[in-house]
Amino acid sequence: MVAVRPLISIIVPVLDESATLAATLHPLVGVPDSELIIVDGGSRDGTVTVAGQFTGEVFQGARGRANQMNFGALQAKGEILLFLHGDTALPSSALDMVRRTLDDQTVAGGAFRLRIASPCRVLKIIAWGANLRSRYFGLPYGDQALFVRRTVFETIGGFAPWPLMEDVDLVRRIKRVGRVALLPDAVTTSARRWEREGVLWTTARNSLLLAGFWLGIPPAWLAQWYRVIR
């Protein structure tokens, strides 16, 4: 008897991602036992047209990554939900690795190691630090392709509808249910946000935002500060 493999729903929230989206989606087309769901937050650059070339599951949702991912989860049929940024590429064996990891019933969710697509030495150090944090503190971020059992996602109420830190909060709540695994292979994410705003400045700003969150500052306040200093 052939074992039935659980369906994985790959949910991609997008906003003006036409420049990078095709490279993200192309390897995911036709992958067995998976579905590809795109949730657009009001793009004006042709993102929806690009997305429609790769999947028929393209939706419009309320803007905001948390809102879009929650909406995508509502449309999903999979037993496993994988949330992927529009500028991030999965490794070739990603879905098989996710399934094998979740064969362990003590694992509630997980993520991949991070690689930033740049020869910049500082960005390599940033990726190294992210992987160290994920490994020893069990705290991967959203750009590491978070995945979670659907039952766990529904039990903990999905993403908080926050403008920032929705990924950190979700991982924190997943850990209350079970283990968060870090897979050995890496996703590759674009360096554009660091290159656009400056590597050191972007890193310092993000560190301050994270510190503020752990100190209990409401994400809505942090988002206002982020908009002012951006």
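Coordinate-derived values only; no laboratory data. Being a predicted model, the structure only gives us computed values, none of them experimental. Using ideal geometry, Cβ is built from the backbone for each residue, glycine included, and neighbour counts are taken over all protein chains shown.
Before moving on, here are some points about what is shown:
- Single match in Gly212, Gly158 (criterion: over 28 Å from Ala73 (Cα atoms), out of contact with any Ser or Thr (no Cβ under 9 Å at 6 or more places or on another chain) and either in contact (Cβ under 8 Å) with a residue 24 or more places away in the chain or surrounded by 14 or more Cβ atoms within 10 Å (Cβ to Cβ) (or both)): Gly212
- Residues that are small (Gly, Ala, Ser) and touching a strand residue (DSSP E or B) at 6+ places or on another chain (Cβ under 7 Å) were ranked within region 114-141; the one that is surrounded by the most Cβ atoms within 10 Å (Cβ to Cβ) is Ser134.
- Listed here are the strands (runs of 3 or more DSSP E) enclosed by region 7-81 that have at least 1 residues being among the polar types (S, T, N, Q), touching a helix residue (DSSP H, G or I) at 6+ places or on another chain (Cβ under 8 Å) and closer than 22 Å to Thr188 by Cβ: 8-14, 34-40.
- Scanning region 156-182 for residues that are in contact with a strand residue (DSSP E or B) (Cβ under 9 Å, 6 or more places away or on another chain), of a type in the set (Val, Ile, Thr) and over 10 Å from Gly110 (Cα atoms) gives Ile156, Val177.
- Qualifying positions in region 60-78 - under 19 Å from Gly30 (Cα atoms) and surrounded by fewer than 16 Cβ atoms within 10 Å (Cβ to Cβ): Gln75, Lys77
Residue-by-condition table, conditions (1) free of Cβ contacts under 8 Å to residues at least 40 places away in the same chain; (2) under 19 Å from Leu123 (Cα atoms); (3) part of a strand (DSSP E or B):
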site	(1), (2), (3)
Arg173	yes, no, no
Val180	no, no, yes
Leu200	no, yes, no
Trp221	yes, no, no
